[in-house]
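The values are calculated or read from the model by the stated rules, or taken from the named source; none is laboratory data. Small disclaimer: the values here were computed from a predicted structure and weren't measured. Note that we place each Cβ from the backbone using ideal geometry, even for glycine, and neighbour counts take in every protein chain shown.
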Amino acid sequence: MIRDRYFYPLFLTVVALIVTIAMLPSCRDNLTDKEIKTQGYVVEGKDLALIQASPGTSYVFVGKTTNEPAYITASAHLSRDVAPPSAGVFAPLGSDYERVFAGQALRMTLTARQGEVNPSKDFRMGYFTAGAGDSGWKRFDLSPEFQDYSFNFTPPLPTDDPDLDYFGVWPDEDGQQREIDISRYKIEVLN
């Protein structure tokens, strides 16, 4: 048994580490506002291992092979209607991205395919803000081969200090653990 004086500092250190890891995809490059606008936001390859899963969803990371790029296999064990409101299996965008992307016409693109074991026929994706206004879920039919699925959205200007935004995917609307393979999350500024 760990004494309180050791437990709480250790607990706080672990929590800080988890938060830091969760933020890595969105703050890994320390980009300027201009670079964020021109380069957009991309999570692919080994960075897919840092994607987050909300309650009701899960994913596993599959590393790159000679035949395929790295990807994640995502599924939902709760239907979206029953699960707590969330962004599903998501890529978190840091406050710099929220600030720069606010008011800009964006194109969200997911490179995905049906899972191999228990394939999902369709999925939902959306862009979610910390209170400024969301895109809502957009439905797409899945192909057995990797292809790009896109929609456009202009996030409203935040009313408070910038926080986190999320590019989320709900892999199986019914929560039957049907699978979707995802090889890239990408956001581009269009204007």
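Looking only at region 107-128, which residues are modelled with pLDDT under 95 and surrounded by 21 or more Cβ atoms within 10 Å (Cβ to Cβ)? Within region 107-128, just 128 meets the criteria.
For every residue, the table says whether it meets (1) modelled with pLDDT under 95; (2) surrounded by 14 or more Cβ atoms within 10 Å (Cβ to Cβ).
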position	(1), (2)
13	yes, no
27	yes, yes
32	yes, no
58	no, yes
65	yes, no
72	no, yes
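So which residues in region 61-78 are within 17 Å of residue 92 (Cα to Cα) and among the β-branched types (Val, Ile, Thr)? If the condition is that a residue be within 17 Å of residue 92 (Cα to Cα) and among the β-branched types (Val, Ile, Thr), then 72 is the only one that fits. One residue stands out among those in region 150-167 that are crowded, with 18+ Cβ neighbours inside 10 Å and among the aromatic types (Phe, Trp, Tyr): the one that is farthest from the chain's Cα centre (by Cα), which is 153. Within region 79-95, is there a residue that is closer than 20 Å to residue 114 by Cβ, more than 14 Å from the chain's Cα centre (by Cα) and at pLDDT below 95? Checked against the condition, which is being closer than 20 Å to residue 114 by Cβ, more than 14 Å from the chain's Cα centre (by Cα) and at pLDDT below 95, region 79-95 yields at least one hit. If residue 58 satisfies all but one of (1) within 29 Å of residue 176 (Cβ to Cβ); (2) among the hydroxyl-bearing types (Ser, Thr, Tyr); (3) out of contact with any Ser or Thr (no Cβ under 7 Å at 6 or more places or on another chain), what's the number of the condition it fails? Condition not satisfied by residue 58: (3).
Remark: pairs (first residue in region 129-146, more than 7 Å from residue 113 (Cα to Cα); second residue small (Gly, Ala, Ser); Cβ separation under 8 Å; 6+ apart in sequence or on different chains) = 132/102; 134/126; 135/126; 136/126; 137/126; 138/126.
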